[in-house]
Amino acid sequence: MSERTVRQTGDEILRKQSKDVLELTDRLKELISDMKDTMKIHGGCGLAAVQVGVLKKIIICAPEEDKEPVVLINPEIVSVSDETEEDSEGCLSVDGYRGKVIRPKNIVVKAKDENMNDMEFDAEGFFARIICHEVDHLNGVLYTDKVVPGTLEDINKENDETEEET
Ligand SMILES: [Zn+2]
C-alpha cells in the first residue's frame, strides 16, 4: 500500500484547474494505484488526483465499498437531469465535516477508462453524486462552496465513524 498525503482545505492547489491527461504514463498509472490505496486507507468513496497534489483530470469513485473503484480519466458531465436530490456529503480534503448538497439525480458521463478507451454511461443516485463531487475538484470547486446553508456540521462532535467521505 502506498499512501499519498491528502491536501486539506486552505491548500491553494485545491482551487486550481486540473489538466487533461493526454497519455497514460507509468507515472500516472502509479498515481492511480496510490490514489486507490490512499482512498482505502482513509475510508473514502471517491478521490480526485488534485487531492493528492497532482493537477491531472483523474478521479476514482467507489459507490460500493467492497468493489474495485471506477477510474475515470478526463471525465466530463455531458448532461444532467432536472430532477435533483439533496443528500449529505463529506470530503477527505475537508476533514471532520459533512454537509448537504443538492445534486442532479441522473447524469451522463463521458470519460476514458484505465486503458484510455472512450466510454459514455449513465450514473444515478450516490454514484452520480460522487462523480459530480470529484469533477468539481477538477475545476477547483469544493462541496463546501455549494453546501445548503446551515447544514455544514462538525462530525467529530458526534463521533460517527460510519459515514463515508469523498
Ligand atoms: Zn472531495
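Numbers for the structure displayed
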read-out	value
Hull volume in cubic angstrom per residue (convex hull over the Cα atoms of the chain)	110 Å³
Phi-based couplings in Hz for the stretch 28-45 (Karplus 6.51, -1.76, 1.60; Gly and Pro marked x)	6, 5, 5, 4, 4, 4, 5, 4, 4, 4, 4, 4, 5, 4, 8, x, x, 10
The stretch 83-158: GluC sites (Glu not before Pro) falling in loop per DSSP and having at most 10 other Cβ within 10 Å	Glu83, Glu158
Cβ-based exposure ranking for Ser81, Ser33, in which fewest neighbours within 10 Å come first	Ser33, Ser81
Loop sites in the stretch 39-138: trypsin sites (Lys or Arg not before Pro), DSSP, at most 12 other Cβ within 10 Å	Lys67
Estimated [θ] at 222 nm from DSSP helical runs (n ≥ 4, -39500 (n - 2.57)) normalised by residues in the chain, nearest 500	-6000 deg cm²/dmol
Those GluC sites (Glu not before Pro) in the stretch 1-48 that DSSP places in a loop and that have at most 10 other beta carbons within 10 Å	Glu23
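Every read-out reported here was derived from the displayed coordinates using simple, explicitly stated rules and does not represent laboratory data. This one's a predicted model, so the numbers in the text were calculated from it and none came from an experiment. Here the Cβ is made from the backbone with ideal geometry for all residues, glycine too, and neighbour counts use every protein chain on show.
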